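Worksheet: one structure, shown below.
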Amino acid sequence: MIWKLCYNSFAMDIKRLVKQNIRSLSAYETREIPCRVKLDANESPYGFSMASKAISKIETNRYPDPEAKELKKVIAKDLAINKKNVLHGNGSDELIYYLIAVFGGPVLYPTPTFSMYGIISQALGERKMSIPLDKEFDLDIDKMLTAIRKDKPGLIFLSSPNNPTGNCFSSEKILKIIDATRGIVVVDEAYQPFASEKGFIPMLKDYKNLVIMRTLSKIGLAGLRVGFLIGDEKIICEVNKVRLPFNINSLSQKIALEVLKNRKERNLYIKSIVSERNRLFNELSKFESISPYPSEANFILFSANEPDGIYERLLKKGVLVRNMKGVVNGCLRVTVGTPGENTIFLNVLKKVV
Ligand code: PMP
């Protein structure tokens, strides 16, 4: 009985034992909503079929290569950089964690943007600072520079193309920010393969406080969890200190390696997504009550007169998009699917608006 009493009071006090910054944090919501056409999570509609060959070569009793040597070699070759400038992560989410653990805050980012910058800052007890984007969804450079001068952020995250707005930020403004800060600037290029601009890798040689984040998630390997950090060797070495030893499992390493070798198929899928994105944009522009925002990514943000109703009615007919309520009010975000999926989306949309 006494034991039970003690146990109960302990159970009731759990929340008090939790660090203050975690108490007010909510777990990342990953609701699985059944649907026929899934266009809510910025995934690629195209998976890869070479998995079985790779699987047969795996020694399940052995730990994975902690350094992911082969994978880094292929990535470095792909991006025409040195493998010493690459660090591997269990998706770029993990690399965001590492960067904040190593460089600390305050962590500065524009909003709306990818939610994990803020969530991980809070999880690690670092101060986060967000500056709203301007009306064109570009960086508000004056406010960003003021925040840099005043609060001296340890880290600045810039998602370009930006999730959820879809646009690339002005390169000039990004360079001004890199010049102005004594902290690290992370240009998150998760959606770069779909962009018309080249991205910031060529800038690395001139800016030692710049790092680039890339991921395989958007080009068909979201299930494998493979991301990369690219930057000065000194930065890579520091971040590598906090990396968990076997952060990418054997299966993911092997499959990613096979897929990366097949550049032709990869590029074909990217091309199809870009051309379908342009078709979707044109079709969405024809709706009177809908305004799509131009996108350099694999999704399109669009405003609608009655977004909640449209979201629900699309879902009732089996089409799942993302309701951006609370992030960009009045907007929905649709991921580019296969041509067939996009046609279903457009046809259903015509019926429900
Ligand atoms: N950065 C941005 C801008 C993203 O939108 C996402 C995924 N939605 C990520 C990073 C995370 O990518 P990963 O799957 O590699 O963790």
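The values are calculated or read from the model by the stated rules, or taken from the named source; none is laboratory data. Predicted model only: the values in this text are computed from it and were never measured. Neighbour counts run over all protein chains shown; Cβ positions are idealised from the backbone, glycine included. In case anyone asks, the SASA skips ligands and DNA or RNA and just uses the protein heavy atoms, side chains included. Shrake-Rupley method; radii C 1.70, N 1.55, O 1.52, S 1.80 Å.
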Structure-based [θ]222 nm, the chain - -39500 (n - 2.57) summed over DSSP H runs of at least 4, per residue, nearest 500: -12000 deg cm²/dmol
Linear extension gain, residue 77 paired with residue 142, 0.36 nm per residue minus alpha-carbon span: 19.6 nm
Centroid-to-centroid separation of the stretch 97-168 and the stretch 287-337 [C-alpha atoms, Å]: 24
Measure of compaction for the stretch 59-261 (Cα Rg per 2.2 N^0.38 Å): 0.99
Gyration tensor over alpha-carbon atoms, the chain, equivalent ellipsoid semi-axes in Å: 31, 27, 25
Fluctuation leader among 73, 218, 150 - the chain, Gaussian network, Cα springs under 10 angstrom: 150
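With every protein chain kept in place and ligands, DNA and RNA left out, what is the accessible area per residue of the chain? Probe 1.4 Å, answer in Å².
Accessible area per residue: 51 Å².
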Largest-first ordering by accessible area, 1.4 Å probe, given options 179, 151: 179, 151
Cα-based Rg and Dmax for the stretch 76-121, where Dmax is the largest Cα-Cα distance (Å): 12.9, 34
Accessible carbon and sulfur surface of the chain relative to its total accessible area, %, 1.4 Å: 54
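Which of the residue pairs 218/261; 128/150; 84/205; 57/254; 72/234; 19/152 have a Cα-Cα distance greater than 19 Å in the structure shown? All intermediate terms of the calculation are to be shown ahead of the outcome.
On the way: 218/261 17 Å; 128/150 14 Å; 84/205 14 Å; 57/254 8 Å; 72/234 17 Å; 19/152 25 Å.
Pairs exceeding 19 Å: 19/152.
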Computed over the stretch 84-171, Cα set: Rg, Dmax in Å: 13.0, 40
For the stretch 298-351: span of alpha carbons on each principal axis (Å, largest first): 30, 23, 14
Dipole of the stretch 59-261, positive end: most advanced residue of 224, 166, 239 [Cβ charges, Cα centre]: 239
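Based on the alpha-carbon set only, what is the convex hull volume of the stretch 265-325 divided per residue, in Å³?
Details: hull volume 5.9 nm³, N = 61.
Once divided by residue count, the hull of the stretch 265-325 is 96 Å³.
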D_trans [Stokes-Einstein, Kirkwood Rh over alpha-carbon pairs] for the stretch 17-98, 4 °C, 1.567 mPa s, µm² s⁻¹: 74
